[in-house]
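Written out below as structure tokens is the structure these notes cover.
None of the figures in this text is laboratory data; all of them are computed from the coordinates on show. These figures come from a predicted structure and were not determined experimentally. Note that we place each Cβ from the backbone using ideal geometry, even for glycine, and neighbour counts take in every protein chain shown.
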Amino acid sequence: MGKITIKDIARMAGVSVSTVSLVLSGKGYVSDITRTKVEKVIEKYNYHPRQSARRLPSKLTGNIGFIISDLHLYGNEVFYSRVLLGAELEARKRDYYVLLATIGQSFAPAKDTPRFIRSHDVDGIIIAGGVPYELIECVHELTIPYVLVDFHHPLIPSNLVLIENYTGAYQAVRHLIDHGYERIAFVGGSFYHSSIKERFQGYQAALNEAGLGAISEDQSLHILVDEETSDQIGYSGICTMIDQSIDFDAVVCANDTTAIGCLQALQQRTLHVPGDVALVGFDDIRHAVETEPTLTTVHVPKLEMGQQAMRLIFDLLDHPRTGQQTRMIHTELIVRESTATQVKQTEYARERPTIA
């Protein structure tokens, strides 16, 4: 037999071409018996419809755009690489392709708009992490669905996939307080990225609740640099506090990359972790288990973030009149060697404080 066509699949399965099309697209109702029969024929002959043929009836491209700041793909920043992978894995289930575009710190629509937008070659767009607001405003003007991941525009309501940043940081500080730490510092980057601001707010809330309000307002313990989080921010932040003789016994970091920089500085200044200073990160990237000591951190299921973003895009494509949605990704405190090892019997993962 020559090249298999959709008509051949329909004939061998004893169904109509439109039924095979419904099975391939995952849309519309097909009985379980019929679907199984068609899928067996498809599998037997390893049939894959051509993208160009598949898109003709619905005028869909079969592509989803994924936009991310180039800063998020540098150095130890592996967080968004996992988000991208999650989106790609979910796209495969619908036989979609993911087209990646990176952008710089500024955005001029005339020259910086990704090519797949200019050529109308995507059915939806996922924007991950901190990006210029002008990009979101540009995409918002389009007539295709888009989802923001781990970021939001303060003035434009959008479909969102967000992290429990506030709760995760709150749980991390509670863990430290329960082990007797009181002078707890915070090291992070720009509040332009809403996740960093929310984590700082969770940090302050836990201190205030424990009667450590003066500590939460002590600006000498807050190293907040107006740039992207990085190991360099962590390294220089620790050096600054030590050089200024700031008294601290624990550090909560805006993310793991920053915490790794903190750890390097502490060890260089011959301070022991956790003996002299306890250290907590956020995100649970792969490097968190490769440090010595291993890093206590707040786990974020990064693959799930990408999968949820892609599922939301598909929901919007399948049901165009669906209202705006926000899907929240839960976090979990992972206790490792960089903090005290004996944890009080507290269900951190179940404590979800109300955000004022």
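The fewest-to-most ranking of Ile260, Ile126 by surrounding Cβ atoms within 10 Å reads Ile260, Ile126. The stretch between Thr294 and Leu73 holds 77.2 nm of extra length on full extension. This uses 0.36 nm per residue minus the Cα-Cα distance. Put a dot 7 Å past the Cα of His120, heading toward its Cβ, do the same for Glu141, and the two dots end up 1.6 nm apart.
Taking other residues whose beta carbon is less than 11 angstrom from the beta carbon of Thr19, and scoring Lys, Arg as +1 and Asp, Glu as -1, yields +2. Taking the DSSP beta bridges with both ends in the chain, the antiparallel portion is around 10 percent.
Give the relative contact order (percent, whole number) for the chain; include only Cα pairs under 8 Å separated by 6+ residues.
Working: 642 pairs, mean separation 60.3, N = 356.
Dividing the mean separation by the residue count of the chain yields 17 percent.
Each label point was placed 7 Å from the Cα along the Cα-to-Cβ direction; for Arg11 and His319 their separation is 3.9 nm. Classify region 233-275 as rounded, prolate or oblate from the Cα gyration tensor: take a ≥ b ≥ c as the square roots of its eigenvalues, call it rounded if a/c is under 1.5, otherwise prolate when a/b beats b/c and oblate if not. Since a/c stays below 1.5, the shape of region 233-275 is classed as rounded. For Rg and Dmax of the Cα atoms in Å, several values are listed as (1) 20.8, 63; (2) 24.1, 80; (3) 22.6, 74; flag the one computed from this structure. Computed from these coordinates, Rg and Dmax of the Cα atoms in Å corresponds to label (2). If R0 equals 45 Å, the separation of the Cβ atoms of Ile246 and Thr326 corresponds to a calculated FRET efficiency of about 0.75.
Using a Förster distance of 56 Å, how high is the FRET efficiency between Tyr45 and Gln232, based on the Cβ-Cβ distance and rounded to 0.05? Please report the intermediate quantities before stating the final value.
Details: r = 55 Å, r/R0 = 0.98.
Given R0 = 56 Å and the Cβ-Cβ separation, E is 0.55.
So for Lys93, Lys3, fewest C-beta neighbours within 10 Å to most, what's the order?
If I rank by nearby Cβ atoms, fewest first, I get Lys3, Lys93.
Working from label points 7 Å from Cα in the Cα-to-Cβ sense, the Ala110 to Ala214 distance is 5.8 nm. Annotation: peptides 105-118, 272-285, ranked by per-residue average of other Cβ atoms within 10 Å with the highest first, follow the order 272-285, 105-118.
The ellipsoid that matches the Cα gyration tensor of region 6-49 has semi-axes, each √(5λ) in whole angstrom, of 14, 11, 10, with the longest given first.
Look at the dipole of the chain built from charges on Cβ: of Tyr192, Gln324, Leu271, the Cα furthest out on the positive end belongs to Gln324.
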